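**Student:** The structure follows.
Every number in this text was worked out from the coordinates using simple rules, so none of it is lab data. Nothing here was measured: the structure is a model prediction, and the numbers come from that model. Cβ: placed from backbone, ideal geometry, glycine included. Neighbour counts: every protein chain shown.
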Amino acid sequence: MQVLVTGGAGFLGSHLVRALLARELEVIVLDDLSGGLRENVPRDARFVEGSICDEGLVARVFCENKIEVVFHLAAYAAEGLSHFIRRYNYTNNVVGSVTVLNEAIRHHVKRFVFTSSIAVYGTGDLPLMESHVPHPEDPYGIAKLAVELDLAAAHHQFGIEYTILRPHNLYGPYQSMRDRYRNVVGIFLNQVMKEKPLTIFGDGTQSRAFTYVGDVIDAMAESGFRDEARNQIFNIGGDAAFTVQKLAETVLSVTGARIDVQHLAARNEVTHAYCDHRKLAHVFGASRQTSLEEGVRKTWDWAKKVGPSTTPSFAAIELENGMPPSWRD
């Protein structure tokens, strides 16, 4: 069976590709390498370099193969920055997604697995549940919700099956450390290797359920094939929430670094976000729950082999009104 993974050279995609290959599936990876690395793609996968916004390229990938399941991960997943790159956000995360979905419909793909985000919820009653009405507060969350709604409409009109996964705060090996706008674990570890202060927006009491990627990747891979996941939405991630301050303390403890924590002006973000995962457990079984210390240690062991990364500014900022000063440098 042939499966397509868009964004398969990125952090999460590279783990998913390995899990699919372990199931002896033929995996095709489509990625423009804007956020991923070619070396992240296993040799047993077939790699196609290009953008999901390139309609001709996407069409050729489907025409030249017999793809039965699509795992659509390609996106620019930076919630905070999405306020300042609105056109870029919607072009990549909505138009690009629809470009892939159109071809999946034309070529009678059985199931389209979409990696959404808990950003669709915005600020809501905790824990966040699939039954809650979404109220996204940033363009990234709005884009993800738009694609979710479009998938439901496409199923109603064309019959294509879908599964929507709403992951949150995943970290682990292969995570990009060259992005200053997202992936706080990667940012902190990169700062440690550069012997720079760990930077926290606000007082650090904002909380997230930081999730080691190995705890969820099997369920993600299985979601493309499990009958009970047909046309369903699942939160996917860890159950235990930690403050960003606690994460910083854990990073310092694991790495043994003797550097300061620097608090920057608070930015516009949801303060607390963590999910209920009972629906996921009912279908896929209980997931592993790697402790924060163990997960950070595994990621640190990998990061030391990679070494520190430069963190260039995003080249296509559209608006600077209210943008955090540290993002302008």
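**Student:** Would you list, by chain and number, the lysines whose Cα falls below 21 Å from the Cα of residue 66, excluding same-chain residues fewer than 8 positions away?
**Tutor:** Partners found: 110.
**Student:** Take segment 211-285, drop everything but the C-alpha atoms, weight them equally and run the Debye formula without solvent; then report log10 I(q)/I(0) at 0.15, 0.16, 0.26, 0.27 Å⁻¹ to two decimals.
**Tutor:** Values returned for q = 0.15, 0.16, 0.26, 0.27 Å⁻¹ are -0.72, -0.77, -1.23, -1.28.
**Student:** Here's a follow-up. Pull up the DSSP beta bridges for the chain and report the antiparallel fraction as a percent, rounded to 5.
**Tutor:** Rounded to the nearest five, the antiparallel share is 5 percent.
**Student:** Can you list, largest first and rounded to whole Å, the semi-axes you get for the chain by taking the square root of 5 times each eigenvalue of its Cα gyration tensor?
**Tutor:** Over the Cα atoms of the chain, the ellipsoid semi-axes are 30, 21, 21 Å.
**Student:** Taking the number of other C-beta atoms within 10 Å as the exposure measure, put 63, 53 in order starting with the fewest.
**Tutor:** 63, 53
**Student:** In which sequence would 123, 299, 310, 255 go, from the one with the fewest C-beta neighbours within 10 Å to the one with the most?
**Tutor:** 310, 123, 255, 299
**Student:** What are the ³J(HN,Hα) values, in whole Hz, obtained from phi via the Karplus relation 6.51 cos²θ - 1.76 cosθ + 1.60 with θ = phi - 60°, for each residue of segment 195-200 in sequence order, with x given for Gly and Pro?
**Tutor:** 6, 10, x, 6, 9, 10
**Student:** Given the DSSP H assignment, sum -39500 (n - 2.57) over each helix run of at least 4 residues in the chain and divide by its residue total; what's the result at 222 nm in deg cm²/dmol, nearest 500?
**Tutor:** Computed ellipticity for the chain at 222 nm equals -10000 deg cm²/dmol.
**Student:** Mind checking which lysines have their C-alpha under 22 Å from residue 196, skipping anything on the same chain fewer than 8 residues away?
**Tutor:** Output for residue 196: 246, 298, 304, 305.
**Student:** If you average 1/r across every pair of different Cα atoms in segment 198-329 and take the reciprocal, what Kirkwood value do you get, in Å?
**Tutor:** It is 17.5 Å.
**Student:** I've got another one for you. So which helices of the chain fit the span-like rule, where a helix is a whole DSSP H run, its Cα atoms reach 24 Å or more along the axis, and its mean Kyte-Doolittle is at least -1.0?
**Tutor:** What comes out of the filter, once short or polar helices are dropped, is 139-158.
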